């Protein structure tokens, strides 16, 4: 089925480890983004991309890197995991904001990450 | 700058009674507004959206919301709650392309809806 696919669904890391959260979409969406969800704080934007080769920082970018080598994939890298990065991470995609104005984003099912 | 305030972090209703989830926003532009629902261990699903057309917006599963510019509100309602409506609901603001804003969406902090039998 078409949509946004995130892997893994669950992950436990030790402090200082690095890892990559994968996100792929098959809808040919230009815009992709990563959010983290923490209790009582809604979703906060980490990084986003408006197209292949273009990325930018969101609200809470520290400790995370992204790249966008293809339209389909938008991986999120944790460089050196910290307990404060324990969260649920959501990837989302949509058509270009400029072109479609009020189009909503499509979300993956999330990656639940625990840092010990 | 824009912001979204969901006035209640938790709402509890009995099955069959009306649901009201409140959302206020602030924005220098005419935004698009969305309500998303998140069931446990799932991603977010779009319930409905307002994009400067009709101010009363109907969504899926019997939900609707009314955009009131004078009150800067976008409250979500449903006439009769079902057990399956128990979930977390997010109000979301999206700036128009003319804003030039780098960020696409601003999320409220969420309202947890409990439906009692």
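Brief remarks follow.
- Prolate/oblate/rounded call for chain A, Cα gyration tensor, a/c under 1.5 rounded: prolate
- Ranked by how many other Cβ atoms sit within 10 Å of their own Cβ, fewest first, the residues A:60, A:66 fall in the order A:60, A:66.
- For chain B, averaging the sequence separation of C-alpha pairs within contact (under 8 Å, six or more residues apart) and dividing by the residue count gives a relative contact order of 37 percent.
- Applying 0.36 nm per residue to the separation of residue B:68 and residue B:41 and subtracting their alpha-carbon distance, the gain on full extension is 6.5 nm.
- Per-residue mean of C-beta atoms belonging to partner chains within 10 Å, peptide A:107-114: 2
- Listed residues B:68, B:58, B:49, most fluctuating in chain B (Gaussian network, C-alpha, under 10 Å): B:68
- The ellipsoid equivalent to the alpha-carbon distribution of region A:1-65 has semi-axes of 21, 16, 13 angstrom, derived from the gyration tensor eigenvalues as √(5λ) and listed largest first.
- Percent of C-alpha pairs per 10 Å bin, the protein assembly as shown, short to long: 8, 32, 35, 20, 4, 0
- Considered as an equivalent ellipsoid built on the Cα gyration tensor, region A:38-80 has semi-axes of 20, 12, 9 Å, the largest given first.
- Set the Cα radius of gyration of chain B against 2.2 N^0.38 Å, with N its number of residues, and you get 1.03.
- Placing a label point 7 Å from the Cα of residue A:38 along the Cα-to-Cβ direction, the residues of region A:60-83 whose backbone N falls under 18 Å from that point are A:60-65, A:77-83.
We did not get these values from a lab; they are worked out from the coordinates using the rules stated. Because the structure is predicted, anything quoted here is derived from the model rather than measured. Positions of Cβ are generated from backbone atoms using ideal geometry, with glycine treated the same way; all protein chains shown enter the neighbour counts.
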